[in-house]
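Read the structure below first, then the notes.
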Amino acid sequence: MGEIPSELGLYKRTEEIPVSDGDVIYVACGLSYWNSMNNGEYGSGAEEIPGTVYSFTIKEEAEEQLINVGVGIYDYTAITHKEKNSECNAVVSESGIVHESDFVSLPDGTNVLDGLKAIFEASQIPYSLDQNSSYISSVGGLSEMDCTSQSGWMISVNDEFLSVSASEALLKDGDIIKLHYTVEGWGTDVGSYF
């Protein structure tokens, strides 16, 4: 802020005053010095201006709130399809479970897509997004249309398939995200009926 010119005869209060979130502090100056300081100039004297009061509200930075979310990634339909179709070269897991975890902590306000990306990266699961970066097109080497023209990844939260983009759906504490690979019927084989 710079030094207050001594010729103004002003005194600075340097002691600390404890404040809490939401406290309002009122400062009554009554000197034109404060007005001229806002313009970057100090002026040559102090003129009294009765009733000049400034107020400040103290806001503490909030700690980042975390939510806990469960995750499951499944490709069991692709395994069944591959067993029935020898020409299918899809990369699948051994058990139908690509990833299952207990709850993971994510920042409050995380959307489903960002939550899944964070989980993929933390678990070192390779993934790809479409050109608009809004659809998960590949997980663990299994991509959309690897099995049929109707195959791809579908997302459910708490056993309800998303009706909006994963980047628009926000997660809440306790949510369970499941990423299913559908082979037939654009999701009917994994329980989605759009």
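For a quick protection proxy, order the peptides 78-89, 111-122, 177-188 by their average other-Cβ count within 10 Å, most packed first.
Details: 78-89: 14.0, 111-122: 18.2, 177-188: 20.3.
In descending order of packing, they fall as 177-188, 111-122, 78-89.
Annotation for Val164 and Asn68: the two label points, set 7 Å from Cα along the Cα-Cβ direction, are 2.6 nm apart.
Within the accessible surface of the stretch 79-128, defined with a 1.4 Å probe on protein heavy atoms only, the carbon and sulfur portion equals 44 percent.
Across the stretch 137-187, the relative contact order, built from alpha-carbon pairs under 8 Å that are at least six residues apart, equals 41 percent.
How much length is gained on full extension from Ile125 to Lys172, taking 0.36 nm per residue of separation minus their Cα-Cα distance?
On the way: separation 47, 0.36 × 47 = 16.92 nm, distance 2.33 nm.
Gain on stretching Ile125 to Lys172: 14.6 nm.
With R₀ set to 30 Å, the beta-carbon distance separating Asp102 from Ser149 gives a calculated FRET efficiency near 0.25.
The values are calculated or read from the model by the stated rules, or taken from the named source; none is laboratory data. The shown structure was predicted, so the numbers you read here are calculated from the model rather than taken from an experiment. With ideal geometry, Cβ positions are generated from the backbone for all residues, glycine too; neighbour counts draw on all protein chains shown. For accessibility, only protein heavy atoms count, side chains too; no ligands or nucleic acids. Shrake-Rupley method; radii C 1.70, N 1.55, O 1.52, S 1.80 Å.
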